[in-house]
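What follows is one structure encoded as structure tokens, with my remarks underneath.
Values quoted throughout were computed directly from the atomic coordinates according to the rules given, and no laboratory measurement underlies them. Please read these numbers as outputs of a predicted model, since none were measured by experiment. Backbone-built Cβ (ideal geometry, glycine too); neighbour counts: all protein chains shown.
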Amino acid sequence: MSLENRVCLLDCTLRDGGQGIEIAAKKGYDRTFSQTERTRMTELLEKSNIEYIEVGVVKNSIDDLHKYSIYKSIEDVSNSIPQKTVKSSEYAAMFVGPDTPYGDLPEYKEGMCECIRVMLRYSELKKSLDFCKVLSKKGYKVFVQPTVTARFTNDDLNLVLDAANDINAHAVYFVDSYGFFNSDDIKQYFELFDKKLNKGIKVGFHAHNNLSLALPNAMELLNIESERKIIIDSCLLGMGQGAGNLQTELISIYLNENYGKEYDYCAILDACELIDKFSDEMLRGNSLKTTIPAVCKVAYQNSYELRDNLKFSYSDIYRILSDIPDEILEIKYRFTQNDLKKLIEYFRTK
């Protein structure tokens with residue numbers, strides 16, 4: 001099988017970028033997506049021939065969060081899809097966990113988001129996998145996503161892969177949530193997934209760019225010889241949480257020039273115009289606040305708190321995050337104020 005037919009892109013600017021804006025808003029950031037911008041971006045991405053467009057996230061909330069591309073239900077997020085008679089792309093939405101009661105999940109019907117991505121909650125893995133199963137039975141194409149994949153043991157991942165096989169998931173992802181994967185990690189996860197998954201299930205890769213390795217890691221994945229179909233996630237101008245994501249404008253032109261894809265690059269560039277106003281480092285681009293935690297292989301939010309609110313020097317941030325004792329090692333892949341307090345106390349007693 002030619003790589004042209006093996007690989008496809010999923011643009012998650014509206015979803016990952018929207019969540020990034022929501023996080024930034026808590027620190028005073030006041031720019032959001034307008035309805036016109038969300039619609040125009042979706043139209044341009046469809047014109048570009050990108051195979052999957054993620055239009056938002058479903059999250060239980062009493063607040064109206066549409067300006068962050070955060071919706072209350074599948075029906076709600078599906079209503080954001082521009083109505084056209086012919087569509088070149090498939091539309092996706094993400095659930096941030098298995099919180100929606102099963103009875104509130106509608107059966108899939110034409111015109112709705114057909115692809116549902118489920119962020120597997122590490123602390124509720126079985127519940128998350130059961131949630132995937134229910135969505136599959138209701139007719140959706142389910143994308144199984146063990147977010148912060150590095151946190152999952154091999155036993156955990158085998159459980160995920162077995163469950164994906166059981167429901168014949170559309171795709172299973174490995175997710176570099178904190179942007180510290182290297183080429184060996186890419187090979188290791190792909191080989192495990194490729195070996196264990198049913199033939200028809202795609203393998204997806206979601207990269208963050210804390211160490212500027214998102215594009216090299218995607219290229220590493222592309223170079224692995226396999227018949228397995230793959231999906232690569234990307235965002236316009238890399239917009240997203242933390243240091244941002246693999247840039248759509250880079251991976252698309254790379255695939256056009258090297259693997260025979262035919263993405264409309266002018267449409268992608270026109271979509272990039274809509275992102276230009278989001279220039280804050282909280283939404284895209286590397287900084288020491290995102291690089292240091294990736295070097296230390298920990299959640300990037302720790303670094304933001306240490307620098308912005310607690311005013312630690314960069315060298316002290318590195319010392320704190322690079323020397324986590326075994327008795328609190330589990331906090332590497334999560335952020336809470338209590339966890340960070342433990343780290344600081346340990347640092348000050350050394």
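Tabulated values for the structure
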item	result
Segment 288-349 shape via C-alpha gyration tensor axes, a/c threshold 1.5	rounded
Per-residue Cβ neighbour rank within 10 angstrom, fewest leading, Arg228, Arg319	Arg319, Arg228
Rounded to the nearest 20 debye, dipole of the chain from Cβ charges on Lys, Arg, Asp, Glu	600
Segment 196-350: C-alpha gyration tensor shape, a/c 1.5 cut-off, then a/b vs b/c	oblate
Candidates Asn338, Asn49, Asn79: whichever shows maximal mean-square fluctuation once the chain is modelled as a Gaussian network with Cα springs under 10 Å	Asn338
Expected 222 nm ellipticity per residue - DSSP helices of 4 or more, -39500 (n - 2.57), all of the chain, to 500	-11500 deg cm²/dmol
Antiparallel bridges, percent of DSSP beta bridges restricted to segment 3-273 (to nearest 5)	5
Residue with peak Gaussian network fluctuation, the chain [Cα springs, cutoff 10 Å], from Gln301, Gln145, Gln247	Gln301
Full-stretch length increase - Asn5, Lys138 - with 0.36 nm per residue and alpha-carbon distance subtracted	45.1 nm
Sites Glu51 and Gln337 - FRET efficiency at Förster radius 45 Å, r taken between beta-carbons, to 0.05	0.65
Subset of Lys26/Lys332; Lys47/Lys261; Lys141/Lys187; Lys27/Lys289; Lys196/Lys229 violating a 19 Å alpha-carbon distance limit	Lys26/Lys332; Lys141/Lys187
Candidates Leu129, Leu65, Leu120: whichever shows maximal mean-square fluctuation once the chain is modelled as a Gaussian network with Cα springs under 10 Å	Leu65
Inter-site label distance for Asn309 and Glu273 at 7 Å from Cα along Cβ, in nm	4.0
Leading residue at positive end of dipole, the chain (Cβ point charges), from Val7, Phe95, Ala299	Ala299
Overall form of segment 38-128 per C-alpha gyration tensor (a/c, 1.5; a/b vs b/c)	prolate
Extension gain (nm, one decimal) between Glu107 and Glu257, 0.36 nm per residue minus Cα-Cα	50.0 nm
Charged-residue dipole, Cβ positions (Lys, Arg, Asp, Glu), segment 288-349 about Cα centre, Debye nearest 20	200
Cβ-derived FRET efficiency at R0 45 Å, Ser73 paired with Glu330, nearest 0.05	0.85
Relative packing of 322-334, 252-264, 173-185, which averages over residues the other C-beta atoms within 10 Å, highest first	173-185, 252-264, 322-334
